[in-house]
1. Considering GLY221, GLY190, GLY145, which residue is in contact (Cβ under 8 Å) with a residue 24 or more places away in the chain and farther than 17 Å from ILE109 by Cβ?
2. Determine, yes or no, whether ALA226 is touching a Phe, Trp or Tyr at 6+ places or on another chain (Cβ under 6 Å) and either farther than 19 Å from PRO138 by Cα or surrounded by 21 or more Cβ atoms within 10 Å (Cβ to Cβ) (or both).
3. Looking at LEU241, LEU193, LEU168, which is the one that is touching a strand residue (DSSP E or B) at 6+ places or on another chain (Cβ under 8 Å), part of a loop (DSSP other than H, G, I, E, B) and not polar (S, T, N, Q)?
4. Counting just the residues of the range 46-69 that are part of a loop (DSSP other than H, G, I, E, B) and farther than 13 Å from ILE15 by Cβ, which one comes out nearest to the chain's Cα centre (by Cα)?
5. Residues VAL115, VAL80: which one is at pLDDT below 95 and surrounded by 17 or more Cβ atoms within 10 Å (Cβ to Cβ)?
6. Regarding GLY235, is this residue more than 19 Å from the chain's Cα centre (by Cα) and assigned to a helix (DSSP H, G or I)?
7. Would you check if there is a residue in the range 126-142 being in contact with a strand residue (DSSP E or B) (Cβ under 7 Å, 6 or more places away or on another chain), in contact (Cβ under 8 Å) with a residue 60 or more places away in the chain, hydrophobic (A, V, I, L, M, F, W, C) and surrounded by fewer than 16 Cβ atoms within 10 Å (Cβ to Cβ)?
8. From the list ALA216, ALA207, ALA177, which one is of a type in the set (Gly, Ala, Ser) and more than 15 Å from GLY145 (Cβ to Cβ)?
Amino acid sequence: MKDPSIYHVQVIDRIVQILACFDDRHPVLGVSQIAGQVGLHRATVHRLVTSLTNAGLLERVPGGDKYRLGVRLLELGLSVLRHMDFRREAIPHMHDLAERFGEVCDLGILEDGQVLYIDVLPSRYPIAVSVSTGMRLPAHCTASGKAILAFLPPEEVDALLPDPLRRLTDHTITSRAALFQQLEEIRQRGWALDDEETEIGVRAVAAPIRDITGRAVASIGIPGPAGRLNNERIGEMAQALMEAARAISARLGWIEPPENQPA
């Protein structure tokens, strides 16, 4: 196998260093400032900045001699995001959650008002909830479904829901008004609960996976027997699921508002 060092190109390293100088705290920089940060001679930085500007990766700020990141970088970034597979991004987090809690961990999407489970990792317990890849359940009474519905426009949710809402257990919400109130609570806290609404003796927790626009495109969830998913454990699971969902969403381009980020 060839030594990777033979492919090392110094100019590429320098270009990456220059682009990395620009961030939220330093959106606009001059050549001297960049040279100071990367430790290169000003003339060298000037040549590289000129080349980056010609390529659209940097752009000169109108009316000055400073630079900012160029639109071409945005185009390249969006191209990456368009081809980002949330399932591939979710799988490592699902394995971590399954290992940590020992329960089933599932990945769901919304399809025709139902949750379609596209990936399911099994529980290590002999008695576990029966969820399988390809299974469909009504969105309005599942944690996975409600986690997605909560982050869609209300008019879209209304159009997706069946009329009337199907009752699966005595705990199932069948009132549209009550469901919309619960979706608002989910938006505020960041996670959803199925409290024996789909099946008696089964509870589930889920958090939304969001794309660059903030729209929920999937959910990551943990279902289990109600006896094992007590309130204390649900709180712990909810925090872990939200952390995993945030990490996956970040890979899809979603930047969570600072006020919603954990301290």
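1. GLY190
2. Considered against the rule, which asks whether it is touching a Phe, Trp or Tyr at 6+ places or on another chain (Cβ under 6 Å) and either farther than 19 Å from PRO138 by Cα or surrounded by 21 or more Cβ atoms within 10 Å (Cβ to Cβ) (or both), ALA226 comes out as no.
3. On inspection, the qualifying residue turns out to be LEU168.
4. GLY56
5. None of the others qualify; the one that does is VAL115.
6. Spelling it out, GLY235 is indeed more than 19 Å from the chain's Cα centre (by Cα) and assigned to a helix (DSSP H, G or I).
7. yes
8. Criteria check complete, one pass: ALA177.
The values are calculated or read from the model by the stated rules, or taken from the named source; none is laboratory data. Because the structure is predicted, anything quoted here is derived from the model rather than measured. All Cβ positions, even for glycine, are placed from backbone atoms using ideal geometry, and neighbour counts span all protein chains on display.
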